[in-house]
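J.: This is the structure I want to talk about, given as C-alpha cells.
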Amino acid sequence: MKSVTVLAGGVGGARFTRGLLAQLAVAAPDAAVTVIANTGDDMWLDGLRICPDLDTIMYTLGGGINEEQGWGRPDETRRASAEIAAYGRGWSWFTLGDLDLATHIVRTDLLRSGSTLSEVTEFLCRRWQPGVRLLPMSDQPIETHACLAENADEHAAGDCIHFEEWWVRYRARVAVTGFEQRGLASAVAAPGVLEAIGTTDLVVLPPSNPVVSVGTILAVPGVREALRSTSARVVGVSPIIGGAAVRGMADACLSTIGVETSALGVGVHYGSRSSGGVLDAWLIDETDAASLPALAAAGIRSAAAPLWMTDLPATTAMAAAVLRLAAEG
C-alpha cells in the first residue's frame, strides 16, 4: 500500500488517524497519508477565523493536543478571553485559550493577506509536522447551521444558528428541523482533494460524525462522485457502538435526518458503492456483530472488531482491522 486518504471530522478522525499512522509505520512505512478535513464547523469569532476540525487534527497528530478533552492545547490559560469578555464581547460558552488564539491570529492574518485556507493550513503544519498532508475540504467558506424547531434563549423557532452554538452552547438538546451548509452551492473542492481520493489505494471514513463531519465533506461538489469512481477501496468505521454515539451527540444529528442511531443505520445511510452509495466495506464494533447479516443483506460487506479508541494501542489495532478489511475485498 502506497497511500491512504482519510475523510475526517475532529476528535474521532484525529485519533483514528494517529492509530493509522502507528499501524502503517509497521505495515507500510513508506505509505503517504492525506487527511481531508471538514470545514463546516468553521466560524468567525472575535474577528478571528476558527477552524475546529483542522486544528484538532493538526494538534493531535503534531503532539500539541489536550488529550483529556480531545481538543485545544494542554496547559492553557484564558486571560485574553477574560479580557474580551470584560469588554462585553465574545461568547461565554466558547472561550479560546491563549495558546490556541495564536493559531487563529496567524490564520486570520494570512487569510486577510490573500492566502487560501489550503495555503494557510500548509503553513501552520510546517510547525506541527503532523505526518500527513492535511487538506481542508474546500478553500471557500462553508458553515453548517442548525435550524431550530423550538425557542432557545434569544433564538426563536425557525431561526438557524451556527452549528457550534447548537453543539457547544445547547449540547444538541434543542430540537432542530435540519442542517444548512451555507456556502456549499458556490464551493469547490480544495486543490488536491479530488486527486487524493482518485489516486489513493484506500479511502477511510473514520468514526467521525456521519451527518455534519463526513456528511459535509461528501456534500462538497465532486467529492461523492470521486468516491464512487475511485479505484481505491472505501472502508468506513462506525461511530456508533451499541446504539450510542462514541463521542458527542451524533445521535441528535442522525435522528434529525431520520437515520437510526446504530451501526446498521449509519452503514445503510452511507450505502454500498454497488448500489449508489460510497462504501466498499464497513467496520462495526464486536458488540454490534448481530448486525452483520442485515448489513450483508443491504449489500455492505462488513466485519466486527473492537472499536473503542481507549488508547493508542487499541486505536492502532482498530486501524489494522480496517487495513485487513480493505485487503479482503
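J.: Return the pairs, sorted by first residue and then second, in which the second residue is crowded, with 18+ Cβ neighbours inside 10 Å and charged (D, E, K, R), the first residue lies in region 311-329 and is farther than 24 Å from residue 278 by Cα, the beta carbons are less than 7 Å apart, and the residues are 6+ apart or on different chains.
T.: 312/18
J.: On to the next question. Could you list all residues from region 274-295 that are under 18 Å from residue 240 (Cα atoms) and in a helix (DSSP H, G or I)?
T.: 286, 287, 288, 289, 290, 291, 292, 293, 294, 295
J.: Quick check on my filter: what residues within region 139-166 are in contact (Cβ under 8 Å) with a residue 24 or more places away in the chain, in contact with a helix residue (DSSP H, G or I) (Cβ under 9 Å, 6 or more places away or on another chain) and closer than 15 Å to residue 212 by Cβ?
T.: 142, 143, 144, 145, 146, 164
J.: Right, next: Among (1) of a type in the set (A, V, I, L, M); (2) in contact with a Leu (Cβ under 7 Å, 6 or more places away or on another chain); (3) buried (at least 18 other Cβ atoms within 10 Å of the Cβ), which single condition is residue 294 missing?
T.: Going through the list (1) of a type in the set (A, V, I, L, M); (2) in contact with a Leu (Cβ under 7 Å, 6 or more places away or on another chain); (3) buried (at least 18 other Cβ atoms within 10 Å of the Cβ), residue 294 breaks only (3).
J.: Take region 307-316 and flag every residue that is of a type outside the set (S, T, N, Q) and either under 21 Å from residue 243 (Cα atoms) or in contact with a Gly (Cβ under 8 Å, 6 or more places away or on another chain) (or both).
T.: Within region 307-316, 307, 308, 309, 312, 314 qualify.
J.: I'd like to check something: does region 96-108 contain any residue that is in contact with a helix residue (DSSP H, G or I) (Cβ under 7 Å, 6 or more places away or on another chain), modelled with pLDDT under 95 and closer than 24 Å to residue 65 by Cα?
T.: yes
J.: Here is a follow-up. For region 180-198, state whether one or more residues are over 20 Å from residue 121 (Cβ atoms), crowded, with 24+ Cβ neighbours inside 10 Å and in contact (Cβ under 8 Å) with a residue 40 or more places away in the chain.
T.: Within region 180-198, none of the residues are over 20 Å from residue 121 (Cβ atoms), crowded, with 24+ Cβ neighbours inside 10 Å and in contact (Cβ under 8 Å) with a residue 40 or more places away in the chain.
J.: To continue, here is another question. So, residue 262, is that one in contact with a Ser or Thr (Cβ under 8 Å, 6 or more places away or on another chain), at pLDDT 95 or above and not hydrophobic (A, V, I, L, M, F, W, C) or not?
T.: yes
The values are calculated or read from the model by the stated rules, or taken from the named source; none is laboratory data. Here the structure is a predicted model, which means the values were calculated and not measured. Backbone-built Cβ (ideal geometry, glycine too); neighbour counts: all protein chains shown.
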